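Below is one structure; the comments refer to it alone.
The values are calculated or read from the model by the stated rules, or taken from the named source; none is laboratory data. Note that this is a predicted model, so its numbers are computed, not measured. We place every Cβ from the backbone using ideal geometry, glycine too, and count neighbours over all the protein chains shown.
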Amino acid sequence: MILDLGCCRGKIPGSIGMDIYPYDGVDIVHDLNITPWPIEDNSIDLVSAKHIIEHVESIPAFMKEIHRVSKPGGKVIIETPHFTSLDSWADPTHRWHLSTNFTDQFIKGSYLAEQIGEFKILVNKVSFGSFIMTWPARLICAVFGRRFWERYFSFIFRARNLYTELEIIK
C-alpha cells in the first residue's frame with residue numbers, strides 16, 4: 001500500500017492520496033499537522049512525501065507519523081527544495097529550508113530517533129538543474145562529496161532539490 005502525502009492533483013496511481021484540500025482524486029482530506037493521521041499503525045509499505053515536508057509545522061511530528069503508519073521495513077521517499085534553491089524561498093508557505101544532512105537526526109543513535117522512531121538512510125542525494133553552470137557542483141560532489149560541496153560551495157553553485165529514500169526500522 002502506498003501513501004501519497006500532499007498529493008494535490010497528481011496522486012500516484014493506485015495510492016492512497018492525502019491532502020489538506022479536497023482535490024479530485026484525494027482519498028483522505030486531512031491536515032498533516034494534526035496527529036494522529038487517520039491511518040492505521042503499520043499499514044503502509046511506501047510513503048511518498050514529495051514537496052510537502054517543507055510546509056509542515058513540525059518535521060519531527062511529521063516523521064513520527066510516517067514511522068507510526070509504516071510497516072517495518074517500509075520505505076519513505078522525501079523530495080524537497082535544497083536550501084540554496086530559489087524554489088525553496090519563492091513559496092511563502094515554505095517553513096523549512098533543508099540541507100542534505102537533515103535526515104541524520106532520524107538514524108540510530110540520534111536524539112530524534114529515540115523519540116520518534118528509527119530510520120535507515122538508503123539514498124540521500126542532491127540534484128542540480130540542467131544549466132551548464134551546475135557542472136562544477138556536480139564535479140565537486142563526485143570528487144569530494146555532497147557535504148563538502150554544501151559546506152564550501154553551495155552558495156556559489158546552487159542545488160535544486162534534495163532526494164532521500166529511507167527505510168523504517170522497527
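Structure above, values below:
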| read-out | value |
| --- | --- |
| Residue that is farthest from residue 125 (Cα to Cα) [pool: residues in the range 138-170 that are among the charged types (D, E, K, R) and surrounded by fewer than 19 Cβ atoms within 10 Å (Cβ to Cβ)] | 170 |
| Number of positions in the range 59-95 that are in contact with a His (Cβ under 8 Å, 6 or more places away or on another chain), assigned to a loop (DSSP other than H, G, I, E, B) and of a type outside the set (S, T, N, Q) | 3 |
| Residue within the range 97-104 that is touching a Phe, Trp or Tyr at 6+ places or on another chain (Cβ under 8 Å), more than 19 Å from residue 52 (Cα to Cα) and outside any helix (DSSP H, G or I) present | no |
| Qualifying residue in the range 77-90 (condition: of a type in the set (D, E, K, R), modelled with pLDDT under 90 and closer than 30 Å to residue 44 by Cβ) | no |
| Check on residue 25, small (Gly, Ala, Ser), modelled with pLDDT under 95 and exposed (fewer than 15 other Cβ atoms within 10 Å of the Cβ) | no |
| Residue in the range 62-75 that is farther than 27 Å from residue 100 by Cα and either of a type in the set (Gly, Ala, Ser) or modelled with pLDDT under 95 (or both) present | no |
| Cross-chain or 6+ apart pairs with Cβ under 8 Å, the range 91-113 first and among the polar types (S, T, N, Q), then surrounded by 12 or more Cβ atoms within 10 Å (Cβ to Cβ) and in a loop (DSSP other than H, G, I, E, B) | 99/83 |
| Only listed residue being within 26 Å of residue 34 (Cα to Cα) and in contact with a Pro (Cβ under 6 Å, 6 or more places away or on another chain), chosen from 71, 170 | 170 |
